[in-house]
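The values are calculated or read from the model by the stated rules, or taken from the named source; none is laboratory data. A quick note: this is a predicted structure, and the numbers were derived from the prediction, not measured. Every residue, glycine as well, gets a Cβ built from its backbone with ideal geometry; the counts of neighbours run over all protein chains shown.
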Amino acid sequence: MELGESQNSLLLSKGGFFPSTGGQWVYVVDKDEKQAVKRQITLGRQNPRFYEVLNGLQDGEKVIVSSYDNFGNVDKLILRKK
């Protein structure tokens, strides 16, 4: 991510999740891709495409970045493949 001074950062794509969460939490998909669980995160800097993740995610974890408007106030989503 280039936001002035060059450094390595964990990045999260910008998406529709932000208006629902204020960037304070996201749904993280489990390794089996059968569920996604709400997790607190801390975001830092941003550019037009990405947020810098300061805390709460590890490299390689999958996150749902689409809108959360239809999910309600649940802590866990059950995922089904079509």
remark   = Picking from Q35, Q40, Q58, the residue that is modelled with pLDDT of 95 or more and in contact with a Gly (Cβ under 6 Å, 6 or more places away or on another chain) would be Q40
remark   = If we ask which residues in the stretch 5-14 are modelled with pLDDT of 95 or more and outside any strand (DSSP E or B), their number turns out to be 1
ask   = Which of the residues belonging to the stretch 26-82 are loosely packed, with under 13 Cβ neighbours inside 10 Å, out of contact with any Lys or Arg (no Cβ under 8 Å at 6 or more places or on another chain), more than 12 Å from L10 (Cβ to Cβ) and of a type outside the set (S, T, N, Q)?
value = K31, D32, K34, D69, G72, R80, K81, K82
ask   = Under 7 Å by Cβ, and 6 or more places apart or on different chains, what pairs join a residue from the stretch 13-27 that is closer than 13 Å to L57 by Cα with one that is assigned to a strand (DSSP E or B) and among the hydroxyl-bearing types (S, T, Y)?
value = G23/Y51
